[in-house]
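The values are calculated or read from the model by the stated rules, or taken from the named source; none is laboratory data. All values reported here derive from a predicted model rather than from experimental measurement. So basically every Cβ, Gly included, is an ideal-geometry build from the backbone, and we count neighbours across all protein chains shown.
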6 protein chains.
Amino acid sequence: MEKSKYQQGLDKLMEYTLEGNDEVSTHLKISEDLEDIAPDVGKYIIEFAYGDIYSRDGLENKQRALVTIASLVTQGTEPQIELHINTGLSAGLTKKEIVESIIQLIPYTGFPRVLNALTIAKKVFEVREEESAE
Amino acid sequence: MEKSKYQQGLDKLMEYTLEGNDEVSTHLKISEDLEDIAPDVGKYIIEFAYGDIYSRDGLENKQRALVTIASLVTQGTEPQIELHINTGLSAGLTKKEIVESIIQLIPYTGFPRVLNALTIAKKVFEVREEESAE
Amino acid sequence: MEKSKYQQGLDKLMEYTLEGNDEVSTHLKISEDLEDIAPDVGKYIIEFAYGDIYSRDGLENKQRALVTIASLVTQGTEPQIELHINTGLSAGLTKKEIVESIIQLIPYTGFPRVLNALTIAKKVFEVREEESAE
Amino acid sequence: MEKSKYQQGLDKLMEYTLEGNDEVSTHLKISEDLEDIAPDVGKYIIEFAYGDIYSRDGLENKQRALVTIASLVTQGTEPQIELHINTGLSAGLTKKEIVESIIQLIPYTGFPRVLNALTIAKKVFEVREEESAE
Amino acid sequence: MEKSKYQQGLDKLMEYTLEGNDEVSTHLKISEDLEDIAPDVGKYIIEFAYGDIYSRDGLENKQRALVTIASLVTQGTEPQIELHINTGLSAGLTKKEIVESIIQLIPYTGFPRVLNALTIAKKVFEVREEESAE
Amino acid sequence: MEKSKYQQGLDKLMEYTLEGNDEVSTHLKISEDLEDIAPDVGKYIIEFAYGDIYSRDGLENKQRALVTIASLVTQGTEPQIELHINTGLSAGLTKKEIVESIIQLIPYTGFPRVLNALTIAKKVFEVREEESAE
């Protein structure tokens with residue numbers, strides 16, 4: 001049953017990323033990387049974050065992605081900014097929507113956090129273009 | 001010309017809040033409150049935040065409101081959480097969208113910031129209901 | 001089955017607070033207060049925080065309480081500092097352990113966060129003394 | 001000897017606040033308030049903060065006050081913002097210098113922290129005017 | 001007219017950095033780097049930060065630099081700490097004033113942020129010495 | 001006498017790390033690295049942090065280590081997370097206690113800070129295993 005909450009989370013992640021297998025892999029890789037010291041944390045991300053929270057009604061996936069990015073930019077947690085810009089693109093956000101959401105934060109967090117996030121966004125966009133060009 | 005950027009910001013704020021005169025008044029009241037010690041700050045909010053940033057293309061007003069609320073909840077700046085939940089409702093967000101956006105932040109900021117923001121949201125909703133009942 | 005994870009969390013909270021019914025009530029009151037706008041958040045606290053995280057092996061309850069307080073003091077989220085100083089006392093921490101843990105943070109967060117947390121601790125201690133004196 | 005470091009800190013605080021006895025009292029009151037649960041914290045403020053740090057060469061007192069206020073505004077620790085705006089005025093900063101320093105932070109922390117700090121500054125200025133009018 | 005605000009900001013940046021062409025270049029490079037995804041952000045830095053905020057009366061340039069550095073150290077935004085230690089030196093701050101301002105923050109933000117900032121300061125000082133030795 | 005407070009701090013650091021000479025060296029290396037620009041900061045760490053704060057009664061060394069790690073994870077100051085996971089192991093914490101303390105913070109700071117800290121913990125554990133295998 002525990003497993004079924006996990007499955008529910010995994011299904012949500014699949015649907016959320018429009019079957020973006022790269023994104024699902026990236027999320028599962030977190031579990032693998034921490035397999036030896038903290039094997040449950042990846043499970044909690046799938047079960048609690050995706051199974052419980054992302055699976056709720058009342059917001060579209062793209063709205064959830066924008067809200068998540070805004071919080072991460074505000075905190076300045078860079079590896080997650082990179083992950084969720086990628087995930088957001090897979091969830092259907094346009095590059096423009098992501099860039100504008102980050103710019104929208106200038107009046108609320110100031111330029112430094114925004115500039116650092118835009119630098120990450122630029123890198124993510126370039127990597128994805130290279131990959132799709134291959 | 002300076003004035004025209006101010007007017008542009010004010011027009012944006014009017015449009016943003018669907019002519020929500022209460023919201024415009026609240027924003028202008030910030031200027032009034034700080035009139036004696038920092039008269040320009042209210043002007044910068046109208047000119048820079050609304051005239052430059054909110055006036056950009058590429059995001060709907062409701063998206064800007066969600067992104068703003070997510071950043072403020074993450075920072076825990078309570079007077080602004082209250083103001084922008086109000087402003088977000090005027091911009092067309094439903095209560096459900098606001099509540100879900102705050103709940104979406106549990107995996108990213110933890111329960112404390114979320115609980116404090118939901119407590120503020122509850123109060124804002126009650127005040128608006130009382131006012132609309134009068 | 002969902003319910004069983006909830007029950008597991010509730011049992012943990014009971015054991016954690018040494019059957020401290022006041023603490024359990026306080027935690028359940030969060031659910032009640034948010035019943036109308038966000039009824040699931042209290043459930044997530046019981047299920048995920050207490051059912052999943054606090055129920056893990058490898059740390060004593062008192063260690064979990066210290067770690068929690070240290071994080072909240074660092075963030076400065078005052079209502080939760082108050083709640084978890086109370087919960088920590090119910091979990092078996094002494095006042096001295098709580099005060100020393102807060103003082104330990106001076107070199108890591110500076111005096112402001114520490115002073116604000118000690119002011120809250122003082123109030124919590126006084127309220128509990130009054131209550132136990134009744 | 002311990003005592004002599006304390007005396008050194010107290011002397012620095014006296015000199016820093018231009019013999020502003022109110023400011024010294026306020027700092028000593030922190031010790032008194034925490035006398036019963038954490039009597040050493042007030043001592044550490046005098047010995048370490050004022051005896052070691054503020055007593056260093058290379059910055060004028062007014063510069064130390066500006067730097068301190070900038071950090072507190074950025075953190076949003078409101079009781080200390082209030083205390084150090086008061087202390088800064090006693091150290092010789094003008095109201096204008098304090099207000100301008102807070103406004104200077106808009107591009108770096110955004111409007112919310114700045115607005116909350118200006119609201120506190122306004123209150124501090126009013127209280128001091130009332131007191132000096134008596 | 002927009003352009004004239006931009007020119008005003010650029011003039012201020014020139015004056016602020018004592019015609020430090022390297023600093024001006026660094027600031028303009030931000031615009032270039034983000035040219036493709038967010039071309040307006042560099043413009044906002046010149047127009048709003050330098051044209052509106054830095055151009056205000058009531059603080060000397062060196063005071064603005066100290067306040068800015070204090071906020072960035074408190075936030076721990078490392079690329080901007082590096083940039084503004086450089087800019088501060090160009091604005092006339094001595095190395096000693098910068099180091100002392102960072103040390104002044106130990107009682108307010110704790111050792112971690114201060115140590116990370118001093119490590120950056122050391123690197124900036126070394127790079128500038130190498131450059132001036134060439 | 002100043003020196004005696006330094007000696008007291010150094011003795012505490014020795015005892016704290018169970019004569020872990022590597023840890024003592026690492027702490028002293030901070031002083032050396034900053035010798036040229038800020039020679040006193042390493043002294044303050046030994047005197048104030050270890051001599052005054054860590055030397056207090058009322059908490060075991062392992063409790064001080066847990067509280068410290070919890071605060072650093074919450075702030076996301078990565079070089080210090082690495083240092084204090086190392087120091088905590090030397091102070092007698094098990095890997096499991098450290099990992100569980102970090103996981104305990106998911107409900108309070110969210111997944112991002114926790115994932116970044118676990119990644120650091122994994123690296124520290126690996127380095128120490130390699131070293132002890134030599």
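Could you figure out which of (1) of a type in the set (Lys, Arg); (2) under 14 Å from the mean Cα position of the chain (by Cα); (3) farther than 30 Å from E:Ala65 by Cβ isn't true of D:Lys5?
Among (1) of a type in the set (Lys, Arg); (2) under 14 Å from the mean Cα position of the chain (by Cα); (3) farther than 30 Å from E:Ala65 by Cβ, the lone unmet condition for D:Lys5 is (2).
Can you find a residue that is out of contact with any Gly (no Cβ under 9 Å at 6 or more places or on another chain) and under 20 Å from E:Ile106 (Cα atoms) anywhere in the stretch D:18-29?
no
Between F:Glu82, F:Glu47, which is within 9 Å of another protein chain (Cβ to nearest Cβ), in contact (Cβ under 8 Å) with a residue 40 or more places away in the chain and either assigned to a helix (DSSP H, G or I) or among the β-branched types (Val, Ile, Thr) (or both)?
Of the residues listed, the single one that is within 9 Å of another protein chain (Cβ to nearest Cβ), in contact (Cβ under 8 Å) with a residue 40 or more places away in the chain and either assigned to a helix (DSSP H, G or I) or among the β-branched types (Val, Ile, Thr) (or both) is F:Glu47.
Looking only at the stretch A:105-134, which residues are in a loop (DSSP other than H, G, I, E, B) and under 22 Å from E:Ile46 (Cα atoms)?
A:Leu105, A:Gly110
Look at A:Leu66 and say whether it is of a type outside the set (Ser, Thr, Tyr), modelled with pLDDT of 95 or more and out of contact with any Gly (no Cβ under 8 Å at 6 or more places or on another chain).
Criteria not met by A:Leu66.
Among the residues that make up the stretch D:21-34, is at least one of them touching a Leu at 6+ places or on another chain (Cβ under 9 Å) and at the interface with chain E (Cβ under 8 Å from one of its Cβ atoms)?
Within the stretch D:21-34 (the criterion being touching a Leu at 6+ places or on another chain (Cβ under 9 Å) and at the interface with chain E (Cβ under 8 Å from one of its Cβ atoms)), the answer is no, since none of the residues qualifies.
In the stretch D:11-44, which residues are crowded, with 17+ Cβ neighbours inside 10 Å, at pLDDT below 90 and part of a helix (DSSP H, G or I)?
Listed by number, the residues that qualify are D:Tyr16, D:Glu23, D:Val24, D:His27, D:Ile30, D:Ser31.
For the stretch E:86-99, what are the residues that are within 11 Å of another protein chain (Cβ to nearest Cβ) and either surrounded by 23 or more Cβ atoms within 10 Å (Cβ to Cβ) or hydrophobic (A, V, I, L, M, F, W, C) (or both)?
Hits for the stretch E:86-99 are E:Leu93, E:Ile98, E:Val99.
Considering only residues that are small (Gly, Ala, Ser), within 9 Å of chain B (Cβ to nearest Cβ) and farther than 14 Å from E:Phe48 by Cα, which ones fall in the stretch D:104-134?
Within the stretch D:104-134, D:Ala121 is the sole residue that qualifies.
Would you pick out the residues in the stretch A:72-86 that are over 16 Å from A:Val99 (Cβ atoms) and of a type outside the set (Ser, Thr, Tyr)?
Scanning the stretch A:72-86 gives A:Gln75, A:Gly76, A:Glu78, A:Pro79, A:Gln80, A:Leu83.
Return the residues of the stretch B:8-44 that are touching a Ser or Thr at 6+ places or on another chain (Cβ under 8 Å), free of Cβ contacts under 8 Å to residues at least 40 places away in the same chain and among the small types (Gly, Ala, Ser); say none if nothing qualifies.
B:Gly42
Just to verify a result, which residue in the stretch C:85-104, among those that are outside any helix (DSSP H, G or I) and without any contact (Cβ under 8 Å) to a residue 60 or more places away in the chain, is farthest from C:Arg64 (Cα to Cα)?
C:Gln104
Quick one: in the stretch B:55-68, which of the residues that are at the interface with another protein chain (Cβ under 8 Å from one of its Cβ atoms) and touching a residue at least 24 places away in the same chain (Cβ under 8 Å) is farthest from B:Lys12 (Cα to Cα)?
B:Leu66
Inside the stretch A:66-79, can you point out the residues that are under 20 Å from B:Gln75 (Cβ atoms) and part of a helix (DSSP H, G or I)?
A:Leu66, A:Val67, A:Thr68, A:Ile69, A:Ala70, A:Ser71, A:Leu72, A:Val73, A:Thr74, A:Gln75, A:Glu78
Working carefully through the options E:Thr87, E:Thr74, find the one that is in contact with a helix residue (DSSP H, G or I) (Cβ under 7 Å, 6 or more places away or on another chain), modelled with pLDDT of 95 or more and polar (S, T, N, Q).
E:Thr74
State whether one or more residues within the stretch F:101-124 are out of contact with any Asp or Glu (no Cβ under 8 Å at 6 or more places or on another chain), of a type outside the set (A, V, I, L, M, F, W, C) and surrounded by fewer than 22 Cβ atoms within 10 Å (Cβ to Cβ).
Checked against the condition, which is being out of contact with any Asp or Glu (no Cβ under 8 Å at 6 or more places or on another chain), of a type outside the set (A, V, I, L, M, F, W, C) and surrounded by fewer than 22 Cβ atoms within 10 Å (Cβ to Cβ), the stretch F:101-124 yields no hits at all.
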